Amino acid sequence: MAQIKLENISKKFGRQTALSDLNLDIADGEFFVLLGPTGAGKTTTLRLIAGLDAPNAGTININGENVNEYSAAERDVALVFQYYSLYPHYTVRQNLEFPLRSKVRRLTEQDISASVARAAKTLRIEHLLERKTDKLSGGEMQRVSIGRAIVREPRAFLMDEPLSNLDAKLREILRAELKDLQMKLGATFLYVAHDQVEAMSMGDKIGILCDGHLVQVGSSQDIYNRPRDTFVATFVGSPAMNLFDATLSNGKAVVIPGSLEIPTSGEAMNHLRERAGKVKIGVRSEDILLDSSGPLEGRIHGVENHGVEKVVTLRVGELLLRATVPARTVLELDSPIRFAFNDKKLHCFDAASGQNLIFGD
Amino acid sequence: MAAVTSKGQRLWNRMLVATVFVLVIVFLAPLYWISSTAFKPRSLATTVPPTVVFEPEITPFIKLFTRRVQMRGEVDPEVYEEAEWYEKRVLDAGERFIKDADGNIESSGYWSRFLNSIIIAVTSTFLAVAMGTLTAYGFSRFRMPGENDWLFFILSTRMLPPVVVAIPMFLMYRAVGLVDTHVGLIILYTAFNLSFSVWLMKGFIDEIPTEYEEAALVDGYTRMEAFFKIVVPQTATGVAATAVFCFITAWNEYAFALMMTNSKAQTAPPYIPSQLGSGITDWTVIASGTFLFLLPVAVFTFLLRKHLLRGVTFGAIRK
């Protein structure tokens, strides 16, 4: 198994910069999720590690060894693609055997069939072995394609949004299976996702990538509760964090003079007491508490029913805030309502740089 | 209203059928003419109006493969009695075989020309498709400076009518001793077909997602292994279509074959009309030579017709 380390990686495509000065450290046996919007450079990172593209600058280390000059075949990592990319003219068995028949490995026929049988059993695709790949469903295809990765016991697994083409139900099942598989194999996984639920539920560690920069690395708890900047704060979490402009002065954050003012005496904002100037305040939807004795007042602008919970949009002046409340809460459109912010969970960002002023470093 | 429409519709359909019918006749008539003449007795070959109903015979083909002379006077009954069936056919037509000192019938040049055609067309097709596929793969998968200019350059080799370069080519070939050699024609036809093969194959290879090869690269294969194990099987249709087109071009080529070869490496197309001038013009022999020459391409094309259609609509039109 392997530990992967990227140092100062830059990659340009023509004039476009895909990655700039990226540093990434993935420990042995870790499930690392690289999360970011489309075009952030996630797939590029995977391709660089797999050896399908070469970086313009920086070094890639696997197990402490610089592999920049190694070909994809020599790196001994497995890659699962977003589009299943099973070899279409082969059967499932032939697909699974394919990596084992490489000249790099030189295995006996017994070893090959034993490995295929083991991988097929792990992924429960034994009944599909003799089938042509174009006769498989999407979920089966992605299982086979994961099988093709695990069959040769590579040093690390790279997965490029393998579940994004599956329907929601199947995605949920395979998500659990993949996590389970990773635990069982004890293998290093680098998993690329643009879906934050996928990242949160699977990753031991999550790296947030934006425009070729790694913005924050941490556990899902960390990322969710201590976002480093406004990008991470709004990208992770559903509904997205409420973010609005405010001015700090005299121990208060003034959002709307007179009607929406937050004292900085609360636990989270406490050490910003001395600060003055423009900031952005962030509140997660679950940290807006409907409370008839709350200090703030707004009107109910809209209600979305999500089953287990309701997402209420509150209007205060021109400002719209989204709050999550239990589904049984009775709400009437356009009626006035009182609420409070959970002052332990408030976030405050610098208005210009977007850096978190409370947890920033 | 509905009746009027359907009436017009019916008329239109009839006109379409009639047009197709006329077109079919126009295209098939020469083919029928050549094939029927190939089986006619010589006396019926040039009748006006043309003879449509006749008893087909094999004599033109016997004549095609042998050398004969016109006989003066009657055939010796003893000789006729001892002759094999094929010799009798020729004697019946008032000709006799030219035989060597051992009494073996001398062969006309047709069979060796036909063989030359096969050797040259097959080899040049193989080379053009193989080199074209590799080149197209390179263009399809790797970015390089001036890539489109290179592709245009490759295409531009086809922009002049080939005959324009015939004389310089001939002079060059004479200087290096390639005139009347198999290698000479193979090089020439490969060069003709290569640009076409590159462009057509690029269309096909562009259609194959790169993920397949990349998966193979990561799975422990070299670029070349990935090319042969993944790309080539996937593009079998493209290879088939390109091969048919290249083969037809090389097989039918006339002008350069006429100029660059005269005996040893001569192909069938310049040979067949060369028989026109030698003594009497026996159209049935010419027709039988043409008929045999048509067969390989007809069979080849018929077998691969689905690929051909796909090749035209899928490989060539995109981009």
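Could you give me the residue pairs with C-beta distances under 9 Å whose first residue belongs to the stretch A:83-94 and is at the interface with another protein chain (Cβ under 9 Å from one of its Cβ atoms) and farther than 30 Å from residue A:193 by Cβ, whose second residue is crowded, with 23+ Cβ neighbours inside 10 Å and of a type in the set (A, V, I, L, M) wherever it lies, and which are 6+ apart or on separate chains?
A:89/B:230
Just need a number here: residues in the stretch B:205-237 that are farther than 14 Å from residue A:72 by Cβ, more than 8 Å from chain A (Cβ to nearest Cβ) and among the polar types (S, T, N, Q).
Number satisfying all stated conditions: 2.
All but one of (1) closer than 30 Å to residue A:17 by Cα; (2) outside any helix (DSSP H, G or I); (3) not small (Gly, Ala, Ser) hold for residue A:239; state the number of the condition that does not hold.
(1)
So is residue A:38 within 25 Å of residue A:177 (Cβ to Cβ) and either open to solvent by 70 Å² or more (accessible area, probe 1.4 Å) or not aliphatic (A, V, I, L, M) (or both) or not?
no
Name the single residue, out of those in the stretch B:265-278 being part of a helix (DSSP H, G or I) and open to solvent by 10 Å² or more (accessible area, probe 1.4 Å), that is farthest from residue B:298 (Cα to Cα).
B:274
Considering only the stretch A:98-116, state which residues are outside any loop (DSSP other than H, G, I, E, B) and in contact (Cβ under 8 Å) with a residue 24 or more places away in the chain.
A:98, A:99, A:100, A:115, A:116
Out of A:158, A:163, A:190, which single residue is more than 28 Å from residue A:286 (Cα to Cα), hydrophobic (A, V, I, L, M, F, W, C) and outside any strand (DSSP E or B)?
That would be A:163, the only listed residue that is more than 28 Å from residue A:286 (Cα to Cα), hydrophobic (A, V, I, L, M, F, W, C) and outside any strand (DSSP E or B).
Just for the stretch B:34-59: of the residues that are part of a helix (DSSP H, G or I) and either modelled with pLDDT under 90 or β-branched (Val, Ile, Thr) (or both), which one is farthest from residue B:99 (Cα to Cα)?
B:34
Hey, does the stretch B:175-189 have a residue that's free of Cβ contacts under 8 Å to residues at least 12 places away in the same chain and within 14 Å of chain A (Cβ to nearest Cβ)?
Scanning the stretch B:175-189 turns up no residue that is free of Cβ contacts under 8 Å to residues at least 12 places away in the same chain and within 14 Å of chain A (Cβ to nearest Cβ).
Filtering the stretch A:57-116 down to residues that are of a type in the set (Lys, Arg) and closer than 26 Å to residue A:142 by Cβ, which residue is nearest to the chain's Cα centre (by Cα)?
It comes out as A:75.
Check off (1) at pLDDT below 90; (2) more than 14 Å from chain B (Cβ to nearest Cβ); (3) over 22 Å from residue A:359 (Cα atoms) for residue A:239 and give me the number that stays unchecked.
It fails just one condition, (3).
For the stretch A:43-61, how many residues are open to solvent by less than 10 Å² (accessible area, probe 1.4 Å) and in a helix (DSSP H, G or I)?
5
Taking the stretch B:153-189 on its own, how many of its residues are assigned to a helix (DSSP H, G or I) and either of a type in the set (A, V, I, L, M, F, W, C) or over 19 Å from the mean Cα position of the chain (by Cα) (or both)?
The total comes to 23.
Which members of the stretch B:172-201 meet the condition of being of a type in the set (S, T, N, Q) and within 15 Å of residue B:242 (Cβ to Cβ)?
Within the stretch B:172-201, B:190, B:193, B:195, B:197 meet the criteria.
Among the residues of the stretch B:216-264 satisfying the criterion of being of a type in the set (Val, Ile, Thr) and under 15 Å from the mean Cα position of the chain (by Cα), which is surrounded by the most Cβ atoms within 10 Å (Cβ to Cβ)?
The qualifying residue surrounded by the most Cβ atoms within 10 Å (Cβ to Cβ) is B:242.
Within the stretch A:27-74, how many residues turn out to be touching a residue at least 60 places away in the same chain (Cβ under 8 Å), within 14 Å of chain B (Cβ to nearest Cβ) and not β-branched (Val, Ile, Thr)?
2
Considering only the stretch A:117-150, state which residues are outside any helix (DSSP H, G or I), modelled with pLDDT of 90 or more and buried (at least 17 other Cβ atoms within 10 Å of the Cβ).
A:129
Which of the residues spanning the stretch A:266-294 are in contact with a Lys or Arg (Cβ under 8 Å, 6 or more places away or on another chain) and open to solvent by 80 Å² or more (accessible area, probe 1.4 Å)?
A:267, A:292, A:293
Determine whether the stretch A:255-262 contains at least one residue that is free of Cβ contacts under 8 Å to residues at least 24 places away in the same chain and in contact with a Lys or Arg (Cβ under 6 Å, 6 or more places away or on another chain).
Yes, there is a match, as at least one residue in the stretch A:255-262 is free of Cβ contacts under 8 Å to residues at least 24 places away in the same chain and in contact with a Lys or Arg (Cβ under 6 Å, 6 or more places away or on another chain).
Sort through A:104, A:80 and tell me the only one that's within 23 Å of residue A:166 (Cα to Cα) and either in contact with a Ser or Thr (Cβ under 7 Å, 6 or more places away or on another chain) or surrounded by 14 or more Cβ atoms within 10 Å (Cβ to Cβ) (or both).
Of A:104, A:80, the one residue that is within 23 Å of residue A:166 (Cα to Cα) and either in contact with a Ser or Thr (Cβ under 7 Å, 6 or more places away or on another chain) or surrounded by 14 or more Cβ atoms within 10 Å (Cβ to Cβ) (or both) is A:80.
The values are calculated or read from the model by the stated rules, or taken from the named source; none is laboratory data. Keep in mind that what you see is a predicted model, and the values were worked out from it rather than measured. Counting neighbours? That spans all protein chains shown, and the Cβs are built from the backbone with ideal geometry, glycine included. The protein model used for the area step is the full one, side chains on, heavy atoms only, and it has no ligands, DNA or RNA in it. Shrake-Rupley method; radii C 1.70, N 1.55, O 1.52, S 1.80 Å.
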